[in-house]
Every structure is written in C-alpha cells, then in structure tokens.
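See structure below.
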Amino acid sequence: MNKSVKNGVIIFSLSGDIEATAGKKLNSAIRSALGNDGKNVLLNFQDVSYMNSAGLRELIDIVKYCNKSNFKLKISNLPEDICEMFEFTNLTRVFSIHTTESQALTSF
C-alpha cells in the first residue's frame, strides 16, 4: 500500500490481497491520515489481486467511519471479480466507485 496526496485527496494505491490483516492496516492508515493530510480519500484497487469477506468487512468499517466523520471516500480501478463482489453484496449503493483514478479525483 502506497500513500500519496493529489489535489488535497489522500490516495491509497493498494496491491496484493485485501484480507483481515491488510484490511486492518488500511483502516489504521486511513484513520491516521484523515484530518492530518486531508478530508478526502481515494482507494485505488488497480493492483489488488484478491479480496475476501474479512477485507470487505474492513472496507465497510472504513466507509462507516468516513461517513460519521464527514470525510469523503471513493474507490477506483476495481478488478472485475472484486467489482462483481461489490455488485453481488449490493455495496455499489454504499461506496462511490469509479472506473479510473482520474474520474474519481474529479468527482470530489
């Protein structure tokens, strides 16, 4: 996971597997960055190869935290199989999902 900031948006470029351990690390990193580095977060999934239900649970916890704290969270570059997971669980209604990072950045 790499963190950068563009136009006031904190971007986490994710890679590998998103499961319980990686999800908890991401959750902690986002909570630490928000308020200090900005109020908008973009999760770029371009290099994510797998996500399980534990990783998904951490993402739900992150979006709940962001909503409660008036931070904006967006997702971009979902691989097809992970996108299908979001659609199957109806989480496309909960998360703001964009095809590309640049589309997500212009939507803040």
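Quick note: the coordinates plus some simple rules give every number you see, no bench work behind them. Quick caveat, the model's predicted, so the values are computed rather than measured. Here the Cβ is made from the backbone with ideal geometry for all residues, glycine too, and neighbour counts use every protein chain on show.
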Compare the Cα positions of Leu73, Ala54, Ser32 along the charge dipole of the chain (+1 at Cβ of Lys, Arg; -1 at Cβ of Asp, Glu; about the Cα centre) and return the one farthest towards the positive end. Ser32
Nearest 500 deg cm²/dmol is fine: what mean residue ellipticity at 222 nm does the chain get from its DSSP H runs of n ≥ 4 alone, each adding -39,500 (n - 2.57), divided by its residue count? -12500 deg cm²/dmol
For the chain, would you read off the P(r) tail past 19 Å as a percentage of all alpha carbon pairs? 36
Run the simple label-point estimate for Ser49 and Phe108 please: 7 Å along Cα→C-beta, distance reported in nm. 3.0
Based on other C-beta atoms within 10 Å, arrange Lys24, Lys64 from fewest to most. Lys64, Lys24
Treating every alpha carbon of the stretch 11-58 as one equal point scatterer without solvent, the Debye formula yields log10 I(q)/I(0) values at q = 0.15, 0.30 Å⁻¹ of -0.37, -1.14
With a sphere of radius 13 Å drawn around the Cβ of Phe108, what net charge do the other residues whose Cβ falls strictly inside it have (Lys, Arg +1; Asp, Glu -1)? +3
Point-charge dipole on Cβ atoms (K/R +1, D/E -1) for the chain, about Cα centre, debye to 20: 660
The answer for the net charge of residues other than Phe71 whose Cβ lies under 14 angstrom from its Cβ, with Lys and Arg +1 and Asp and Glu -1, is +4
Cβ crowding within 10 Å averaged over residues, with 17-23, 34-40 ranked highest first: 17-23, 34-40
For the chain, find the longest principal axis of its Cα atoms and tell me its angle to the long axis of helix 53-68, 0 to 90°, nearest 10. 30
